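The values are calculated or read from the model by the stated rules, or taken from the named source; none is laboratory data. This is a predicted model, so every value here is computed, not measured. Note: ideal-geometry Cβ built from the backbone for every residue, glycine included; neighbour counts use all protein chains shown. Note: accessible area is taken over every heavy atom of the protein model, side chains too, but ligands, DNA and RNA are not part of it. Shrake-Rupley method; radii C 1.70, N 1.55, O 1.52, S 1.80 Å.
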Amino acid sequence: MDFDILNSAVRIATPLIFAAMGGVVTYQAGMLNIALDGFMIVAAFTAIATAYLTGSLTIALIGAIVASVLLAALMAVFNIRLRANIFIAGTAIIFLGNSLTALLLKGVLGQDGVFTSDRIPNFPVIRVPVVDGIPVLGALLSGHTILVYVAYLSVPLVAWSLYRTRWGLRLRVVGEAPEAAAAVGIDVDKIKFQAMLISGLFCGFAGAYLSLAYVTLFAREMTAERGLIALAAIFFARGNPYRTALVAVLFGGATALSVRLPQVTGLAPQLLQLIPYVVTVLALVIVGWRTTRARNRYGAWRFDLG
Amino acid sequence: MQEAVLPHKGLPPVVRMRDIVKMFGSFVAVRSAAIEIGRGEIHALVGENGAGKSTLMNILYGLLERTSGAIEVFGQDVHFSNPRQAIGYGIGMVHQHFKLAPSFTVAENIILGSEPLTTYQRIDRVRAERETRELSQRFGLNLDPRAIVGTLPVGLRQRVEILKALYRQAEILILDEPTAVLTPQETRELFATMRSLAEGGHSIIFITHKLREVIEVSDRISIMRHGEVVDTIDNDNVTAQQIAGHMVGRSVLLRVEKSVARPTTEVLLKVDGLTALGDRGERAVDDLSLEVRAGEIVGLAGVQGNGQDELVECIAGLRRPVEGNVAICGTGLGPKPSDNRDAGLAYIPADRGGVGLSLESSIWENMTIGHLPQFSRFGVFAIGKARDRAKQLIACFDVRGGEVEKPAKSLSGGNQQKVQLARELTRPAARLIIAEQPSQGVDIGAIESIHRTLVEMRDAGRGVFVVSADLDEIMSISDRVLVMYRGRIVANLLAAETDTEEVGRYMGGLDGEPFGPSAGDTGKGLADGA
């Protein structure tokens with residue numbers, strides 16, 4: 001019972017890891033993809049609506065991924081084909097995702113803020129034999145839904161794709177020096193397009209997890225800026241998938257703590273729920289401090305002439 | 001040497017471009033250009049900036065598509081719409097600005113786009129490194145396949161680019177301004193490489209505007225002017241003046257005509273024990289001292305990246321030194337860049353678009369900024385007066401195509417440079433002129449007038465400090481030449497008593513230990529000041 005907090009940390013980190021892996025791929029391809037939340041909310045809604053209407057978790061998961069990838073394709077068309085600024089395109093996608101799901105929530109499911117139903121099946125919890133009985137490890141590794149395992153296994157898969165395969169090399173070069181890639185005949189836009197679609201794929205998993213596994217309900221704007229928190233983790237880890245995942249897990253731990261502490265200490269839960277966000281801000285402060293210190297240590301600085 | 005001069009004779013050309021036209025909107029960049037490249041020849045393509053050299057070669061390499069005309073490569077009609085197709089026909093291009101990924105290894109950069117694979121689309125690193133090593137040994141271009149490209153000196157990065165093309169079995173190599181960033185010694189090594197490649201049957205197209213090098217290395221020379229190839233000549237008893245004449249269509253002075261400098265004892269710029277750090281924290285300027293006096297032009301030579309940028313930024317007040325002093329006309333550095341300007345600094349930065357001008361703003365606005373108090377009436381800006389003055393300056397500095405209301409970006413590089421000069425040199429307080437890469441991206445006609453202006457400034461008793469990566473420019477305009485190497489001044493020479501060869505040796509750091517200013521006895525200013 002005492003190790004419940006570990007179990008919830010693992011679960012809380014799961015959507016962050018999905019979103020962060022999606023963000024790592026676009027980050028490495030040289031795109032600051034702020035639209036992760038937009039992809040996720042659409043996926044979360046599609047997942048719960050499909051599950052409610054079909055009763056099938058598999059179809060719901062596929063539906064979530066298809067919806068998220070389609071939105072990512074729209075984002076890619078805006079940003080890559082039509083050369084729209086990625087910030088503006090990303091903001092538009094987030095607004096679109098949040099508003100469209102709120103509209104459909106009312107229109108299709110007839111609810112205003114929150115939707116849930118007994119007809120929605122649950123993802124079965126997997127008890128890993130042997131490990132389940134071991135105190136700490138059991139809480140960490142056993143008793144999760146299939147999506148949790150997929151999330152954690154996706155981290156080495158992303159790392160392998162980025163650092164071992166031809167596609168990964170090309171993607172990273174596109175991110176660092178697009179003109180170098182173009183000069184040897186690599187289709188820069190195609191690779192960026194692919195990266196954005198993969199970002200959508202991961203956000204599809206993240207969204208489905210949020211509405212069908214983490215909880216079984218859909219609420220407006222239920223992603224709660226997880227996409228931005230994932231981006232913070234990516235920046236903190238400079239795009240390395242393993243370190244990004246680690247930061248996501250630490251964040252999950254902080255959140256789990258913020259849920260548990262009020263019960264233990266009796267402090268105001270509203271205050272303690274700030275913990276994860278404080279952790280995010282601190283992480284970003286460290287990133288900023290790290291980069292300015294690299295300059296200031298040597299006393300070299302420049303006026304901002306821009 | 002005689003039989004090596006025209007090895008292509010009797011063989012069909014490997015490239016034949018005819019009636020090539022390239023339009024950008026209504027602007028004709030290339031009009032009816034024709035060129036033939038023989039097998040195993042080094043073919044120089046010369047012309048002023050904007051003559052269409054790079055455009056023509058970008059068409060051959062598939063980076064640009066021609067508007068009309070015909071191209072044959074190895075006897076086949078081709079129409080490339082991307083470099084990949086050109087690479088497939090054995091064409092390789094080394095761009096002026098290297099197209100490399102700095103945080104990746106040499107091997108990764110070389111195989112990029114044609115990666116050797118093992119199972120599951122994985123990159124075969126072992127094979128990539130082995131092939132890189134073999135290739136570099138075969139062509140005598142030694143490189144460590146595992147070295148990170150960003151840590152290599154420029155000369156080696158260029159080798160990576162050349163090997164990249166050779167790895168793709170290029171038989172026709174286009175080198176776009178390959179010597180712009182090299183020391184004379186690195187240039188010589190490059191020329192040796194070019195010759196051995198040509199002897200091995202590769203054809204090399206060498207785009208440049210450095211005429212001395214054209215004569216030194218090429219077999220044939222094609223000269224472009226206003227988008228046309230006006231002549232192709234064998235490199236046989238040709239002089240640089242003849243080629244230059246073809247390039248601009250009139251004979252030009254390559255050396256600046258100027259009288260002997262008469263520097264006074266007044267020190268306008270005194271840099272004393274200056275140490276400054278670069279953006280990555282390295283000691284870019286290392287305990288450096290120098291002086292510029294009224295009435296002299298001091299040229300700072302050096303391969304780019306030896307601390308020149310940081311030095312100039314310190315003087316301009318754009319970078320804070322960690323140690324040492326800078327005095328402009330006897331006044332120390334102030335906390336704001338404008339303090340240095342008030343003390344007498346006129347600054348012509350190399351980065352015209354970023355530091356020197358606001359390209360989106362109009363010409364009159366660019367000419368007025370920094371002169372605002374003069375146009376202030378009871379705190380209200382007298383726009384009409386500022387415009388009138390800009391009109392006068394446009395005429396006075398011969399800014400071609402200059403209309404006061406047009407944005408600065410509508411001007412050519414040379415004319416943008418003139419706008420900068422007009423603004424900076426007309427400031428009454430300006431006595432020390434720092435001109436950074438004054439002729440970069442400027443056509444020959446404008447270079448002449450810019451140099452003449454700088455000499456006039458000198459003769460009017462101002463001090464001129466020219467920083468340039470172009471050794472020819474340094475040698476032709478300076479009265480005294482300083483050479484910067486790894487953050488220090490390693491030579492202080494009178495221009496009349498030295499030559500490019502000697503300066504080049506110092507630029508490459510070959511003469512070992514840097515010496516302090518007191519050792520530079522040939523310099524009038526430095527020795528006394530130390």
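Evaluate the stretch A:74-93: report whether one residue or more is among the β-branched types (Val, Ile, Thr) and in contact with a strand residue (DSSP E or B) (Cβ under 7 Å, 6 or more places away or on another chain). Scanning the stretch A:74-93 turns up no residue that is among the β-branched types (Val, Ile, Thr) and in contact with a strand residue (DSSP E or B) (Cβ under 7 Å, 6 or more places away or on another chain).
Can you name the residue in the stretch B:175-199 that is more than 30 Å from B:Tyr485 (Cα to Cα) and touching a residue at least 60 places away in the same chain (Cβ under 8 Å) and, of all such residues, is farthest from the other protein chains (Cβ to nearest Cβ)? Across the stretch B:175-199, the extreme among qualifying residues is B:Glu199. Which residue is nearest to B:Ile328 (Cα to Cα), if the candidates are limited to the stretch B:262-288 and must be open to solvent by 10 Å² or more (accessible area, probe 1.4 Å) and β-branched (Val, Ile, Thr)? Checked the stretch B:262-288; the qualifying residue nearest to B:Ile328 (Cα to Cα) is B:Val267. Only one entry in B:Val267, B:Val256 is modelled with pLDDT of 80 or more and β-branched (Val, Ile, Thr), namely B:Val267. Pull up the stretch B:365-380, narrow it to residues that are over 28 Å from the mean Cα position of the chain (by Cα) and hydrophobic (A, V, I, L, M, F, W, C), then point me to the one that is most open to solvent (accessible area, probe 1.4 Å). Ranking the qualifying residues of the stretch B:365-380, first place goes to B:Phe378. Does the stretch B:289-305 contain any residue that is within 13 Å of chain A (Cβ to nearest Cβ) and either open to solvent by 30 Å² or more (accessible area, probe 1.4 Å) or touching a residue at least 40 places away in the same chain (Cβ under 8 Å) (or both)? No, the conditions are met nowhere in the stretch B:289-305. List every residue pair whose Cβ atoms sit under 7 Å apart, with the two residues 6 or more apart in sequence or on different chains, where the first one lies in the stretch B:265-279 and is within 14 Å of chain A (Cβ to nearest Cβ) and the second, anywhere, is of a type in the set (Lys, Arg). Qualifying pairs under 7 Å: B:Thr275/B:Arg283; B:Ala276/B:Arg319; B:Leu277/B:Arg283.
The number of residues in the stretch B:100-133 being at the interface with another protein chain (Cβ under 7 Å from one of its Cβ atoms) and open to solvent by less than 20 Å² (accessible area, probe 1.4 Å) comes to 6.
Every condition in (1) crowded, with 20+ Cβ neighbours inside 10 Å; (2) under 27 Å from the mean Cα position of the chain (by Cα) is met by B:Ser410 except one, and the failing one is (1). Determine, yes or no, whether A:Ser161 is open to solvent by less than 70 Å² (accessible area, probe 1.4 Å) and more than 14 Å from chain B (Cβ to nearest Cβ). Considered against the rule, which asks whether it is open to solvent by less than 70 Å² (accessible area, probe 1.4 Å) and more than 14 Å from chain B (Cβ to nearest Cβ), A:Ser161 comes out as no. Scanning the stretch B:313-330 for residues that are β-branched (Val, Ile, Thr) and facing chain A (nearest Cβ under 8 Å) yields a count of 1. Out of curiosity, is A:Val108 open to solvent by 30 Å² or more (accessible area, probe 1.4 Å), of a type outside the set (Gly, Ala, Ser) and modelled with pLDDT of 95 or more? Answer is no for this residue. Restricting the search to the stretch A:188-198, which residues are open to solvent by 20 Å² or more (accessible area, probe 1.4 Å) and either away from chain B (no Cβ under 14 Å) or over 17 Å from B:Leu112 (Cα atoms) (or both)? Once the filter is applied, which keeps residues that are open to solvent by 20 Å² or more (accessible area, probe 1.4 Å) and either away from chain B (no Cβ under 14 Å) or over 17 Å from B:Leu112 (Cα atoms) (or both), the stretch A:188-198 yields A:Lys192, A:Phe193, A:Gln194, A:Leu197, A:Ile198.
Filtered by the rule that a residue be under 22 Å from A:Ile34 (Cβ atoms) and open to solvent by 30 Å² or more (accessible area, probe 1.4 Å), the stretch A:251-284 gives A:Tyr277, A:Val278, A:Val279, A:Val281, A:Leu282, A:Leu284. Of everything in the stretch B:134-158 that is within 12 Å of chain A (Cβ to nearest Cβ) and under 23 Å from B:Ile87 (Cα atoms), the residue that is most open to solvent (accessible area, probe 1.4 Å) is B:Arg157. Annotation: A:Ile134 fulfils all but one of (1) more than 14 Å from chain B (Cβ to nearest Cβ); (2) open to solvent by less than 40 Å² (accessible area, probe 1.4 Å); (3) more than 19 Å from A:Val25 (Cα to Cα); the unmet one is (2). Restricting A:Thr58, A:Thr91 to residues that are out of contact with any Leu (no Cβ under 7 Å at 6 or more places or on another chain), at pLDDT 95 or above and exposed (fewer than 14 other Cβ atoms within 10 Å of the Cβ) narrows the list to A:Thr58. Quick check on A:Arg238: is it within 14 Å of another protein chain (Cβ to nearest Cβ) and either at pLDDT 90 or above or crowded, with 22+ Cβ neighbours inside 10 Å (or both)? No: the conditions fail for A:Arg238. Here B:Glu310 meets each of (1) within 14 Å of another protein chain (Cβ to nearest Cβ); (2) surrounded by fewer than 18 Cβ atoms within 10 Å (Cβ to Cβ); (3) modelled with pLDDT of 90 or more with one exception, condition (2). When A:Gly185 is tested against (1) farther than 21 Å from A:Ala43 by Cβ; (2) buried (at least 21 other Cβ atoms within 10 Å of the Cβ); (3) free of Cβ contacts under 8 Å to residues at least 60 places away in the same chain, only condition (2) is not met.
For the residues A:Leu201, A:Leu169, the requirement of being within 14 Å of the chain's Cα centre (by Cα) and either open to solvent by 50 Å² or more (accessible area, probe 1.4 Å) or within 12 Å of chain B (Cβ to nearest Cβ) (or both) singles out A:Leu201. The single residue among B:Glu405, B:Glu448 that is over 14 Å from B:Gly356 (Cα atoms), in the same structural domain as B:Tyr485 (by TED's automatic domain parsing) and open to solvent by 30 Å² or more (accessible area, probe 1.4 Å) turns out to be B:Glu448.
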